[in-house]
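Written out below as structure tokens is the structure these notes cover.
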């Protein structure tokens, strides 16, 4: 005869309480009461994990904002002059952006 699965948290707690009162091991209690032992054990583990994860922290937590900044590749800078105008870029400049800047400088 198939054993019944634990329906929900309340059912699991009631069964686990009954196991504790009976002083039987979980498998024997489950067999004697028509309960699927694997289902009972899975609920036991779920309850234990939930209890551990929701336990109050030993010290108050605080929120810290982390901001990821790109690592600098080089500290070298370059100055491109066109008459009295100048464009300054660092070593990791974008070629397309530089072309647009130079077009603006040349048009002045």
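Before moving on, here are some points about what is shown:
- Relative contact order, percent, the chain [alpha-carbon distance under 8 Å, six or more residues apart]: 17 percent
- For the chain, the longest principal axis of the C-alpha atoms and the axis of helix 37-53 are separated by about 50°.
- Exposure proxy shown here: for 87, 79, the number of other Cβ atoms within 10 Å sets the order, fewest to most, as 79, 87.
- Peptides 89-101, 40-52, ordered by how many other C-beta atoms sit within 10 Å of their residues on average, highest first, read 40-52, 89-101.
- For the chain, the extents of the C-alpha atoms along the principal axes are 96, 38, 21 Å, listed from largest to smallest.
- Residue 46-residue 66 FRET efficiency (beta carbon distance; Förster radius 41 Å; 0.05 resolution): 0.80
- Angle between the chain longest axis and helix 95-107 axis [Cα atoms, degrees, rounded to 10]: 30 degrees
Values quoted throughout were computed directly from the atomic coordinates according to the rules given, and no laboratory measurement underlies them. Remember, predicted model here, so these are calculated numbers, not experimental data. Quick reminder, even Gly has a Cβ in these numbers, built from the backbone with ideal geometry, and neighbours come from all protein chains shown.
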